[in-house]
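**Student:** Below are the structure tokens for one structure; questions will follow.
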Amino acid sequence: MAKTVDVPVPDIGDFEDVDVIEVLVSPGDAINKDDSLITLESEKATMEVPSPHAGTIKEVKVGVGDRVSEGDLIATMEVAGAEAGEEQPGAGAQTPEAEGEAQPSGTGAEAPGAQAAAAESTAGEHGTEVLVLGAGPGGYSAAFRAADLGKRVTLVERYPSLGGVCLNVGCIPSKALLHVGQVLEEAAQMKDWGVRLGEPEIDTDQLRSWKDGVVNQLTSGLRQLAKRRGVDVIQGTGRFVGPHRLAVESDDETTVVAFEHAIVAAGARAIQLPGFPHDDPRVMDSTAALEVEEIPGRLLVVGGGIIGMEMATLYQALGSRVTVVELSDALIPGADRDIVKPLQKRAQSGYDALYLNTQVTALDADEQGLTAHLEGPKAPETARFDRVLVAVGRHPNSDRIGAAEAGLELDDQGLIPVDEQMRSNVGHIFAIGDIVAGPQLAHKASHEGKVAAEVIAGLRSGFEGRVIPSVAYTDPEVAWVGLTEGQAKEQGIDYGKGSFPWAASGRSLSFGRNEGVTKLLFDRESGRLLGAGIVGPYAGELIAEAALAIEMGADARDIGLTIHPHPTLSETVGMAAEAFEGTITDLYIPKR
Ligand SMILES: Cc1cc2nc3c(=O)[nH]c(=O)nc-3n(C[C@H](O)[C@H](O)[C@H](O)COP(=O)(O)OP(=O)(O)OC[C@H]3O[C@@H](n4cnc5c(N)ncnc54)[C@H](O)[C@@H]3O)c2cc1C
């Protein structure tokens, strides 16, 4: 029997008297459980309040501009009798749990049989044209593009917060925190210029809550974008139970989604090292490190790739004494050595230690700290740390989605092989993002997502990007795109090089930095840009020009004759092209 129930503002953490900035429902609206009712905005965050019930809105009790706190009435609703007894979720449930839950690689453990659960207690069948599994940058882009192209779309995500690793525990929180690190570094540097700001005091709780606010603003925005497009969002863990069916398990029920097409965008998780005490909270993955529970005195970072070095940059700026251990002979494998060198130099002088060609063979925990056992030419046999961050790569989540039940083939790394239309071996199932081959980057995932959606909608689309830029948001930043010099040499490509040292850039010197370099590689015959490597503050902002130039088939003349504003770091791109052309006046390059 239908019943009228009050819907109050749930527990919204420490917030009180928060502004209502949007009312998303009106009397008479039929809504599903978890559909957003209103949007609240505090100084720190924007959050949507989900409906605790499915039913029909009778009366809306708040308006835009009102201020509300926990317990204030939002609306009254008519709900079916059984629904009315349900517990109300708090707004805190919008925050995703730690992404971690990684397990030793190779265990292949699966979530408990969703197939069996589907057979036993199926709450409902749900039909859709396009099912998207995973709401990271790949999944939400795919879902939104498919909806914009007229498809009925269901997006399945295990966490209440949309946005995947990137928005919740990856790109965005790391950059928010790295900005704080950059300001701290710059403030410290000011003493050389006659400005003393004193020792910084870091309140980790406030730092975390600021970072969470940035994340919240973006993830709640995504919910609205999904709602506006009519994308059905189901929260729960999805697992294929057949080539056209996915069982979604949530706390209390299993829903089976029958689909015409599926896009698998389930991402990847941090790899754990066998034998390491990963249960010890002092042994962190990147998700835990981004919580900044404390600023450890001595931090060991295992892995000198992009994620490891970004975390090393952050914690060093916050005041930790950092040691980095990297297995290969250089940091940031993938980028050219000369481009990484300024970062390596800064690490060597600013960190406690940087050990290359070195392995952490074991890690022992005791009450006072952690002992790392090291094997490498310059490393001691053991070293003591207060915390350890393990950043040694990410494993695709394909072992947890019932791939075999859908008929999906995996390669030996657990990736789903796809063609340039992102189509798997099963014709109506597509896969994108970190779960397929290629760099594990958000912008790659979102481009692939759009391709998959467009192909499903019948457009002639394919992944045609010539290049995918990579950026390490370290200090200094390292960015590269297209062919590296190492690859050019390996492949015997006849290339020419134009480099511009930032020691000659007025803009770079004006903020006290001179170690940057912009390097462009050109095809000697056609003069076209093949690749670029840039190191220096804000290199990540500069690399897009090189990516565009490569996509447009620009040559050195095009880039050199493009008038860049002065004084900017972007000039270094134009000047590197001029250096290749031999027309540069800001450097003296003797004629060969
Ligand atoms: C610390 C860190 C910093 C990073 N910084 C950057 C950066 O600056 N720039 C950049 O480009 N990239 C960065 N990345 C990488 C970037 O986050 C990933 O490449 C990107 O998130 C991949 O997107 P995706 O859509 O493939 O998968 P994900 O973002 O991993 O999303 C997958 C989603 O699927 C969900 N899911 C998985 N299995 C299931 C299931 N069975 N049922 C329901 N839901 C499921 C997950 O909960 C998740 O939300 C960073 C990563 C980390 C860890």
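**Student:** For residues that are farther than 20 Å from Ala445 by Cβ and aliphatic (A, V, I, L, M), scanning just the stretch 247-270, find the one that is farthest from the ligand (Cβ to nearest atom).
**Tutor:** This residue is Ala258.
**Student:** From Gly138, Gly181, grab the single residue that is part of a helix (DSSP H, G or I), of a type outside the set (Phe, Trp, Tyr) and near the ligand (Cβ under 7 Å from one of its atoms). Give the steps one after another, and end with the answer.
**Tutor:** Working: Gly181 fails: near the ligand (Cβ under 7 Å from one of its atoms).
Among Gly138, Gly181, only Gly138 is part of a helix (DSSP H, G or I), of a type outside the set (Phe, Trp, Tyr) and near the ligand (Cβ under 7 Å from one of its atoms).
**Student:** Shifting gears a bit: Return yes or no: is Val481 at pLDDT 95 or above and farther than 25 Å from Leu542 by Cβ? Working first, answer last.
**Tutor:** Values: at pLDDT 95 or above: yes; farther than 25 Å from Leu542 by Cβ: no.
So Val481 fails the test.
**Student:** Would you mind stating whether Gly221 is in the same structural domain as Glu405 (by TED's automatic domain parsing) and either crowded, with 17+ Cβ neighbours inside 10 Å or part of a helix (DSSP H, G or I) (or both)?
**Tutor:** Here the answer is yes, as Gly221 does meet what is asked.
**Student:** Just a yes or no: is a residue in the stretch 232-239 crowded, with 24+ Cβ neighbours inside 10 Å, assigned by TED's automatic domain parsing to the domain that holds Val418 and within 12 Å of the ligand (Cβ to nearest atom)? Before you say what the answer is, go through the steps one by one.
**Tutor:** Keep residues of the stretch 232-239 that are crowded, with 24+ Cβ neighbours inside 10 Å, which gives 238-239.
Those left that are additionally assigned by TED's automatic domain parsing to the domain that holds Val418: 238-239.
After this cut, where a residue has to be within 12 Å of the ligand (Cβ to nearest atom) as well, the list is 238-239.
Among the residues of the stretch 232-239, at least one is crowded, with 24+ Cβ neighbours inside 10 Å, assigned by TED's automatic domain parsing to the domain that holds Val418 and within 12 Å of the ligand (Cβ to nearest atom), which makes the answer yes.
**Student:** Also, I was wondering about something else. I'd like to verify a number: residues in the stretch 343-389 that are part of a loop (DSSP other than H, G, I, E, B) and either of a type in the set (A, V, I, L, M) or within 19 Å of Gly297 (Cβ to Cβ) (or both), how many? Walk me through it before giving the result.
**Tutor:** Going through the stretch 343-389, the residues part of a loop (DSSP other than H, G, I, E, B) turn out to be 351-352, 356-358, 366-369, 376-381, 386.
Then keep just the ones that are either of a type in the set (A, V, I, L, M) or within 19 Å of Gly297 (Cβ to Cβ) (or both); that gives 351-352, 356, 366-369, 379-380, 386.
Qualifying residue count, the stretch 343-389: 10.
**Student:** Considering the stretch 567-590 alone, what residues qualify as being farther than 22 Å from Arg528 by Cα and free of Cβ contacts under 8 Å to residues at least 60 places away in the same chain?
**Tutor:** Listed by number, the residues that qualify are Tyr588, Pro590.
**Student:** Scan the stretch 433-460 residue by residue and report those that are within 19 Å of Asn168 (Cα to Cα) and either out of contact with any Ser or Thr (no Cβ under 6 Å at 6 or more places or on another chain) or small (Gly, Ala, Ser) (or both).
**Tutor:** So in the stretch 433-460, the residues within 19 Å of Asn168 (Cα to Cα) come out as 433-435, 440-446, 449.
Answer for the stretch 433-460, where residues must be within 19 Å of Asn168 (Cα to Cα) and either out of contact with any Ser or Thr (no Cβ under 6 Å at 6 or more places or on another chain) or small (Gly, Ala, Ser) (or both): Gly433, Asp434, Gln440, Leu441, Ala442, His443, Lys444, Ala445, Ser446, Gly449.
The rows are residues; the columns are (1) within 16 Å of the ligand (Cβ to nearest atom); (2) closer than 26 Å to Cys171 by Cα; (3) modelled with pLDDT under 95; (4) over 23 Å from the mean Cα position of the chain (by Cα).
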residue	(1), (2), (3), (4)
Leu300	no, yes, no, no
Gly305	yes, yes, no, no
Ala312	yes, yes, no, no
Lys345	no, yes, no, yes
Ala362	no, no, no, yes
Asp366	no, no, no, yes
Lys378	no, no, no, yes
Gly393	yes, yes, no, no
Pro396	yes, yes, no, no
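**Student:** Still on this structure: Condition first: part of a loop (DSSP other than H, G, I, E, B) and in contact with a Phe, Trp or Tyr (Cβ under 7 Å, 6 or more places away or on another chain). Can you find one or more residues in the stretch 435-456 that meet it?
**Tutor:** Looking only at the stretch 435-456, we keep the residues that are part of a loop (DSSP other than H, G, I, E, B), and these are 436-441.
Narrowing the set further to residues that are in contact with a Phe, Trp or Tyr (Cβ under 7 Å, 6 or more places away or on another chain) leaves none.
So far as the stretch 435-456 goes, no, none of its residues is part of a loop (DSSP other than H, G, I, E, B) and in contact with a Phe, Trp or Tyr (Cβ under 7 Å, 6 or more places away or on another chain).
**Student:** Going through the stretch 290-326 one residue at a time, which ones are charged (D, E, K, R), under 22 Å from Pro439 (Cα atoms) and out of contact with any helix residue (DSSP H, G or I) (no Cβ under 7 Å at 6 or more places or on another chain)?
**Tutor:** Result: Glu326, single match.
Residues are listed down the side, and each one gets a yes or a no for (1) within 29 Å of Arg346 (Cα to Cα); (2) small (Gly, Ala, Ser); (3) in a loop (DSSP other than H, G, I, E, B):
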{"site": "Ala503", "(1), (2), (3)": "yes, yes, no"}
{"site": "Ser508", "(1), (2), (3)": "yes, yes, no"}
{"site": "Ser526", "(1), (2), (3)": "no, yes, yes"}
{"site": "Ala544", "(1), (2), (3)": "yes, yes, no"}
{"site": "Ile550", "(1), (2), (3)": "no, no, no"}
{"site": "His566", "(1), (2), (3)": "yes, no, yes"}
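The values are calculated or read from the model by the stated rules, or taken from the named source; none is laboratory data. Computed from a prediction, not measured in an experiment: that's the story for all the values here. Every residue, glycine among them, receives a Cβ derived from its backbone with ideal geometry; neighbour counts consider all protein chains shown.
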